[in-house]
1. Out of the residues in the range 10-46 meeting the condition of being part of a strand (DSSP E or B) and in contact (Cβ under 8 Å) with a residue 40 or more places away in the chain, tell me which one is farthest from GLY68 (Cα to Cα).
2. Give the residues of the range 76-86 that are within 13 Å of LEU104 (Cα to Cα) and either outside the structural domain of ASP14 (by TED's automatic domain parsing) or assigned to a helix (DSSP H, G or I) (or both), sorted by residue number.
3. Filter the range 188-223 down to residues that are in contact (Cβ under 8 Å) with a residue 40 or more places away in the chain and within 15 Å of the chain's Cα centre (by Cα), then give me how many there are.
4. Is there a residue being assigned to a helix (DSSP H, G or I), more than 25 Å from the chain's Cα centre (by Cα) and not basic (Lys, Arg) anywhere in the range 90-110?
5. Could you tell me which numbered condition VAL323 fails, if it satisfies all but one of (1) at pLDDT below 95; (2) in contact with an Asp or Glu (Cβ under 6 Å, 6 or more places away or on another chain)?
6. Considering the range 263-307 alone, what residues qualify as being at positive phi, within 19 Å of the chain's Cα centre (by Cα) and surrounded by fewer than 24 Cβ atoms within 10 Å (Cβ to Cβ)?
7. Please go through the range 188-228 and pick out each residue that is in contact with a helix residue (DSSP H, G or I) (Cβ under 8 Å, 6 or more places away or on another chain), under 18 Å from GLU162 (Cα atoms) and assigned to a loop (DSSP other than H, G, I, E, B).
8. In the range 115-129, what residues are in a loop (DSSP other than H, G, I, E, B) and at pLDDT 70 or above?
Amino acid sequence: MTAGAERIRVLVVDDSAVNRRSIADALSQSPEVEIVGKAADGEEALRLALLLKPDVLTLDLEMPRMDGFTFLRILMSRQPTPVVVVSSYSQKENVFKALELGALDFVAKPDRQHTIDLSGIRDELLAKVLMVRGLRASALAMRPRMESISGVHNLSAPSPRERTSPERVIAIAASTGGPTALLEVFRRLPDQFSHAVLVAQHMPDKFTRTFAARLDRGARVAVSEAADGDGVCAGFAYVCPGRHCMELGRDSAGALRLGVVAPGPSDRYVPSADRLFASLARSVGPKAVAVILTGMGDDGAEGAAAVLAAGGLVVAESEQSAVVYGMPGAAVRRGVVSRSLGITQIADFLSNL
């Protein structure tokens, strides 16, 4: 912590007194964090949030009097604030609903007990609290929020899809803020989309299948969690499973296929956007489109250079719409970006390729 830097002010929200104390004690071990309050339910949390104006909240979704979803709706309409959800693996659908309502990110806790064992998630929780230093408040307030994505799919049911080769292959990389950004992109892709989409979203392994299903319900392209050996076809999208990396290649007949593999020692992030983009450049060359959305770090910048060198396109989310400009900003600084666009512009650009 640099001299004179202000500590990050955290409000801890959980209906369990043991959990509130555990989370507060874990975060307080960092000299960069100050716990400014604790709340046991949504009503108390809302009152303290509006009064104390914390930099970030940790939030349990299951609470008495006012649940986490109602709390998020009101908080984001009155005072958009970074929220990190702390939820169990068994509550996957609830986590994504919270992200759609404005939560920034989540930390998955074990299902074994009601109280939190922080030994396995302390570092991850602290890292996600500390990342608020890199957030852009205006982008957070402008993020699209969806009460429900169920109606999007039904507006125009997709036509039956034949398994045909894609005209282009689009690979999208994202981290913090990515799930909401990806929902915004996918819901705008048209029926009969002539390209294939590959997604590398930094996310725990037990959540990626649920996330793919949620994208599928909100899109007119077919979305699934990728499996090793999957054929890559137009109008289909494939989400890399958590704790794995995904590569594009060709089989002996020349058809495009996915490899889903364990990360290697050179993979700094998992899934690795750099590895995915590099395989895209090797496999489809000028028909490759690399897209880098919001996220911490610099994953994707090196792979984007390979795509650009192969004659492909590289699109980065603009600083104006990216909640965290780390990943797209790194690619811009490296000089490997063809276009910088806002999130809705990216969706329209991909739709019109």
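The values are calculated or read from the model by the stated rules, or taken from the named source; none is laboratory data. Predicted, not measured: the structure shown is a model, and the values here were computed from it. Cβ placement follows ideal geometry from the backbone for every residue including glycine, while neighbour counts extend to all protein chains displayed.
1. Applying the first criterion (part of a strand (DSSP E or B)) to the range 10-46 yields 10-13, 33-39.
Okay, now just the ones that are also in contact (Cβ under 8 Å) with a residue 40 or more places away in the chain, so 10-13, 33.
Working: VAL10: 17, LEU11: 14, VAL12: 13, VAL13: 9, VAL33: 23 Å.
Result: VAL33.
2. Step one: filter the range 76-86 for residues within 13 Å of LEU104 (Cα to Cα), giving 76, 80-86.
Within the range 76-86, MET76 is the sole residue that qualifies.
3. 11
4. Looking for residues that are assigned to a helix (DSSP H, G or I), more than 25 Å from the chain's Cα centre (by Cα) and not basic (Lys, Arg), one finds none in the range 90-110, hence no.
5. (2)
6. Taking the range 263-307 and keeping what is at positive phi, we get 285, 295, 297, 300.
If we keep only those that are within 19 Å of the chain's Cα centre (by Cα) too, we end up with 295, 297, 300.
Answer for the range 263-307, where residues must be at positive phi, within 19 Å of the chain's Cα centre (by Cα) and surrounded by fewer than 24 Cβ atoms within 10 Å (Cβ to Cβ): just GLY297.
7. Scanning the range 188-228 gives LEU189, PRO190, PHE193, HIS195, ALA219, ARG220, VAL221.
8. Step one: filter the range 115-129 for residues in a loop (DSSP other than H, G, I, E, B), giving 115-121.
The answer is ILE121, and nothing else.
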